[in-house]
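Let me begin by presenting the structure, written as structure tokens, before commenting on it.
The values are calculated or read from the model by the stated rules, or taken from the named source; none is laboratory data. Computed from a prediction, not measured in an experiment: that's the story for all the values here. We place every Cβ from the backbone using ideal geometry, glycine too, and count neighbours over all the protein chains shown. Just so you know, the surface numbers come from the protein's heavy atoms only, side chains and all, with ligands and any DNA or RNA stripped out. Shrake-Rupley method; radii C 1.70, N 1.55, O 1.52, S 1.80 Å.
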Amino acid sequence: MIRPFLLLLAGLGTFTLQAQELFPVRDEGETRNRSYDVLHYRIDVSFDEAQRKVIGKVSTTLVPFPPALKQVVFDAEEMTIRSVTLRNGTPLTYTMGPRTLDITLDRPYSYRDTLTVVTEYSCTPRRGLFFVQPDSAYPNTPRQIWTQGEDMDNHFWFPCYDFPNDRATTEVLATVRSSYTALSNGRLVKVSEDRTKGTKTYHWMLSKPHVSYLVMLAIGEYAVLKDTVRKLPLEYYVYPNQVDDARICFRCTPDVITFFSDRIGYKFPWEKYAQVLIRDFTVGGMENTSACSLLDRATVYDARQRVDHSSTSLIAHELAHQWWGDLVTCKDWRHLWLNESFASYFDPLYHEHSLGRDEFDFSMYEAQQAGINSDKTLGRKPIVSVGSYSANLYPRGASVLHMLRFLLGDSLFFRSLNHYITKHQYGVVETNDLKVAIEETTGQNLYWFFDQWVYKAGYPVFAVSYTWEDSTKSVRLHVEQTQKLDSLTGIFRTPVDIEITAGTQQVVHRVEIAGKDTVYRLPATEKPHMVIFDKGNWLLKELRFEKTDMEWQTQLSEAHSPIDRLRAVKHLALMPRSEKFIPALVDRMLHDPFWGVRRESVNMLGLIADEKDSSWTAAKAGLVAAARDTRASVRTAAIALLTDSADATTRETLVTALKDSSYTVVAQALRSLAKADPHGCLGILGAHLGMPSHQDIIATAALDALAGADSLLGIAAAKEYLRYGTPPPLRFTALWILCRFIRSGTLPDSTLYPLTQDKNTNLRTTAVRMLGELGAARTVPILEAVMADQKNPSAETAKKSIEQITKRMETPDNGPKTP
């Protein structure tokens with residue numbers, strides 16, 4: 001699963017698209033004890049859309065574990081139970097508790113028995129299943145009914161064993177309007193139509209067992225595109241008005257399946273693979289078995305948006321889960337990295353296959369940095385732990401797998417993964433199962449690796465220096481680990497590759513690091529002019545390498561890996577008197593073969609070039625040239641720095657950028673114009689407020705820029721665009737603008753009070769969360785009203801916001817400014 005994206009804020013440079021670290025997983029710790037094993041669910045549902053109601057009948061076939069099972073307990077919340085019987089019609093007594101349906105059997109049953117419990121019920125779920133419907137403000141919203149089961153939400157729409165340590169086959173029968181199409185797991189058995197009632201019943205069957213949170217339904221008016229790969233049926237459920245764009249965005253699917261099947265050595269494990277677009281989905285994507293749900297706005301892009309964004313990463317991540325997460329599933333949430341880290345590594349692996357090693361290395365570098373930043377901002381926490389951070393489960397876990405690949409080598413690494421998935425296919429796993437499978441394949445004891453990287457936390461901070469010893473023709477390499485040592489983080493043990501370039505010769509030495517302070521002597525034919533620590537950038541680490549200015553500049557221009565050149569860019573920009581390196585950074589910005597290095601050179605120039613001195617002349621000329629780079633992200637970064645109000649070339653460049661093929665470049669040009677000429681740009685900003693673009697990227701940038709150029713106009717516009725009925729991206733941008741003015745004391749926190757009752761769940765919850773950050777004591781009763789309604793999806797957020805305000809009241813000097 002891709003955890004929530006702040007995609008509505010895609011036009012705002014101050015907010016990141018992925019907020020994984022903000023969303024911890026369910027804090028349920030140990031693996032549950034089970035009193036029965038579910039073999040099969042038959043879920044038969046219909047819907048009352050006007051009442052947002054599910055009418056259901058679930059037949060659960062199970063086998064007891066104990067010799068005399070007298071009671072069956074299903075997870076079920078907020079349901080009206082009509083009857084509970086055995087399959088033969090024998091009525092059973094039951095009690096509906098706050099979170100469970102407790103059923104007393106007619107007699108004790110043993111592990112030799114197989115019984116089917118039939119539950120008829122209705123519910124109006126607040127989680128797990130959602131109704132999307134148009135209204136007078138948003139008449140073009142597509143009608144949809146869809147589910148989202150992970151972590152443990154499917155029991156809100158059908159009674160089940162809702163924990164990942166049980167697997168069962170499933171069939172779903174969904175009766176819907178005749179104009180709708182219904183998708184579920186497995187193969188489509190049949191579609192039957194009742195013309196009198198105007199309904200169709202779709203019967204889906206999954207013949208291999210999976211866990212209950214992967215059961216899915218997606219219902220709506222879709223065009224179904226069909227494809228095949230190696231005789232596997234592929235289906236794409238898309239909006240009828242996006243068929244052409246959808247074909248382009250999904251066209252990588254067959255190649256991704258082929259690559260994963262070959263790389264893992266295990267063919268695609270399910271009867272079909274479908275991908276379906278979901279409106280207002282709670283996450284970016286969800287890997288339901290054989291039928292993946294995808295947030296519509298993060299998946300299908302128009303031609304102009306495809307200049308900036310591709311669906312391939314999202315598609316590859318969710319597809320990888322069909323093996324890692326669906327075929328083998330973590331048995332409890334502490335081991336969720338066995339699902340998410342694998343998918344987060346196989347996504348870049350596909351890009352290594354399709355785009356080349358540089359793109360892969362850059363993806364892994366960014367994953368490593370995300371793991372490091374999470375430790376610094378949220379604190380250290382082991383990957384295997386209760387409530388582990390999403391950044392641990394996604395990028396950090398992917399980085400750990402990357403190091404495991406380095407340690408074992410490609411052959412043993414992928415053989416180990418094949419043995420692991422084959423041994424545990426259609427089963428549930430914990431981390432030790434992976435470790436044992438690797439040991440069985442390689443003969444290596446990897447206790448130490450899993451202990452330091454998975455069960456403990458942190459990362460090594462290497463202080464590295466070297467000297468040349470002419471008498472011995474060797475490099476004396478000094479490596480010290482300087483990270484804080486405690487019960488969570490110790491001295492790390494790892495191999496590392498050292499590349500020494502002397503003359504025309506490059507030699508790579510592998511050394512073993514196991515101590516806090518170690519000296520290595522490495523042979524070299526002559527004094528080296530470049531030494532690279534961790535050739536290939538395999539390690540999750542911080543690196544402080546003591547080198548001369550000349551050595552860093554050599555690394556900047558000559559290092560083969562873009563990550564080594566990128567590290568040189570950052571180091572030179574942060575050195576004392578760094579302005580002397582501006583020509584070297586400008587050269588990389590304009591001529592480096594890899595776009596990530598060019599973009600980082602732009603960003604570092606922004607740190608060191610000062611518009612008030614002579615260093616700006618060379619930097620500005622380079623930035624103007626970089627604004628014409630072939631890569632949109634480089635153009636965007638360059639335009640972000642061109643805000644010199646007195647320079648005609650700057651304005652000409654920005655005005656030209658307003659016609660760029662990239663929405664993102666145009667959006668950044670608007671923001672830069674607002675800084676360069678706050679009064680003269682108002683007409684341009686006003687014109688772009690009405691300009692159509694994917695997810696209103698351009699209009700949201702114009703609104704944000706207007707707030708920066710003229711606070712009074714910005715506040716008035718934000719209040720106007722906050723109205724219900726405005727496109728959601730603009731509403732969210734308006735909300736963030738008002739929050740900025742509340743934070744500065746320009747507006748009162750009461751500005752957000754009406755939003756606590758907003759019809760848009762995501763906007764309402766965001767407003768409630770922001771009141772926790774910005775609200776004064778008088779805000780508490782407003783939040784208490786939200787918290788009191790336990791069916792309100794924002795209730796839990798309101799509770800946390802009240803706690804924030806209460807804590808802040810205890811230290812009033814830290815409170816927000818409120819007029």
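Each part gets one Cα centre, and for the range 629-703 versus the range 367-407 those centres are 36 Å apart. Placing unit charges on the Cβ atoms of the charged side chains and taking the dipole of the range 98-139 about its Cα centre, the candidate lying farthest along the positive direction among SER136, TYR121, LEU105 is LEU105. With both labels modelled 7 Å from their Cα along Cα-to-Cβ, the GLN790 to ASP227 distance reads 4.6 nm.
Kirkwood hydrodynamic radius computed over the chain comes to 29.2 Å, based on all pairs of distinct alpha carbons.
Note on HIS529 and ASP262: the extension gain reaches 92.0 nm, defined as 0.36 nm multiplied by sequence separation minus the Cα-Cα distance.
With each label modelled as a point 7 angstrom along the Cα→C-beta vector, the THR649-GLU439 pair spans 6.5 nm. Taking R0 as 22 Å, what's the FRET efficiency between ASN432 and LEU485 from their Cβ-Cβ distance, rounded to 0.05? Once rounded, the FRET efficiency stands at 0.25. Across the range 232-242, coupling constants 3J(HN,Hα) worked out from phi with the 6.51/-1.76/1.60 Karplus curve, θ = phi - 60°, read 7, x, 10, 9, 10, 8, 10, 6, x, 8, 10 Hz, and Gly and Pro carry x. Reported to the nearest whole Å, the Cα centre-to-centre distance from the range 120-169 to the range 273-339 is 17. Accessible area per residue for the range 488-542 is 43 Å², calculated with a 1.4 Å probe on protein heavy atoms, without ligands, DNA or RNA. Which FRET efficiency value, to the nearest 0.05, do you get for SER711 and HIS560 by plugging their Cβ-Cβ distance into 1/(1 + (r/R0)^6) with R0 = 45 Å? Efficiency, rounded to the nearest 0.05: 0.35. The Cα atoms of the range 637-686 give a gyration tensor whose axes a ≥ b ≥ c have a/c of 1.5 or more with a/b no greater than b/c, which makes the shape oblate. Which of LYS267/LYS423; LYS484/LYS580; LYS759/LYS791 have a Cα-Cα distance over 23 Å? Long pairs (Cα-Cα over 23 Å): LYS484/LYS580.
In the chain, a dipole from Cβ-located charges (positive for Lys and Arg, negative for Asp and Glu) runs towards its positive end, and of LEU417, PHE581, ALA626 it is LEU417 whose Cα lies farthest in that direction. Given +1 at the Cβ of Lys and Arg, -1 at the Cβ of Asp and Glu and no other charges, the dipole of the range 128-284 around its Cα centre is 620 debye to the nearest 20. Converting phi to 3J(HN,Hα) with the Karplus coefficients 6.51, -1.76 and 1.60 and the offset θ = phi - 60°, the range 744-756 yields 7, x, 6, 10, x, 5, 5, 4, 8, 4, x, 6, 5 Hz in sequence order, with x at every glycine or proline. Over the C-alpha trace of the range 367-525, radius of gyration and Dmax come out as 18.2, 62 angstrom.
If the segment from ARG415 to ASP470 were pulled out straight at 0.36 nm per residue, it would be longer than the present Cα-Cα gap by 15.4 nm.
Heavy-atom accessible area per residue, the range 704-793, 1.4 Å probe: how many Å²?
Using a 1.4 Å probe on heavy atoms only, each residue of the range 704-793 averages 41 Å².
Solvent-accessible surface (1.4 Å probe) assigned to CYS123 amounts to roughly 10 Å².
If you average over every viewing direction, what projected area does the convex hull of the Cα atoms of the range 108-197 give, in nm²? Computed as one quarter of the Cα hull surface, the answer is 9.4 nm².
Ligands, DNA and RNA are left out, and with a 1.4 angstrom probe the accessible area of the range 285-331 is 16 Å² per residue.
For THR181, the residues whose modelled amide H falls within less than 5 Å of its own, excluding neighbours fewer than 5 places apart on the same chain, are GLY220, GLU221, TYR222. Using just the Cα positions, wrap the range 386-457 in a convex hull and report its mean projected area in square nanometres, one decimal place. Directional mean of the projected Cα hull area for the range 386-457 stands at 5.0 nm².
Ranking ILE372, ALA246, GLN305 by how far each Cα lies toward the positive end of the dipole of the chain (charges on Cβ) leaves ALA246 at the top. Based on DSSP H segments of at least four residues, each scored -39500 (n - 2.57), the chain has a per-residue ellipticity at 222 nm of -11000 deg cm²/dmol. Listed by chain and number, the lysines whose alpha-carbon sits under 18 Å from that of LYS226, ignoring those within fewer than 8 places in the same chain, are LYS190, LYS272. In the chain, Cα pairs under 8 Å separated by at least six residues give a relative contact order of 8 percent. Under the convention that each Lys and Arg Cβ holds +1 and each Asp and Glu Cβ holds -1, the size of the dipole of the range 760-801 around its Cα centre is about 40 debye. Computing the accessible area with a 1.4 Å probe over protein heavy atoms, can you report the carbon and sulfur percentage for the chain? Taking all protein chains in place, the chain shows 50 percent carbon and sulfur surface. The charge dipole of the chain, taken about the Cα centre with unit charges on the Cβ atoms of Lys, Arg (+1) and Asp, Glu (-1), comes to about 1020 debye, rounded to the nearest 20.
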